[in-house]
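Report on the structure given below.
The values are calculated or read from the model by the stated rules, or taken from the named source; none is laboratory data. If you're wondering where the values come from, they're calculated on a predicted model, not measured in any experiment. Quick reminder, even Gly has a Cβ in these numbers, built from the backbone with ideal geometry, and neighbours come from all protein chains shown.
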């Protein structure tokens with residue numbers, strides 16, 4: 001019963017935002033610093049913000065701009 005209970009708890013966890021961003025924006029190194037800022041680095045590009053939603057929006061903008069030329 002203990003194994004079944006553990007398996008249930010693992011699948012019941014909320015989504016991991018770091019994993020989601022890493023999957024969505026391949027090529028970017030993404031993390032969260034000790035100051036609480038979220039950051040993303042790709043080559044010489046750096047994006048840094050306090051809010052994960054803002055990081056996602058800015059990465060989407062950079063990705064879109066790159067595709068458009």
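Exactly one residue out of 59, 55, 21 is within 12 Å of the chain's Cα centre (by Cα), surrounded by 12 or more Cβ atoms within 10 Å (Cβ to Cβ), modelled with pLDDT under 95 and not in a loop (DSSP other than H, G, I, E, B), and it is 21.
The residues of region 28-50 that are in a loop (DSSP other than H, G, I, E, B) and surrounded by 10 or more Cβ atoms within 10 Å (Cβ to Cβ), listed by number, are 28, 37, 50.
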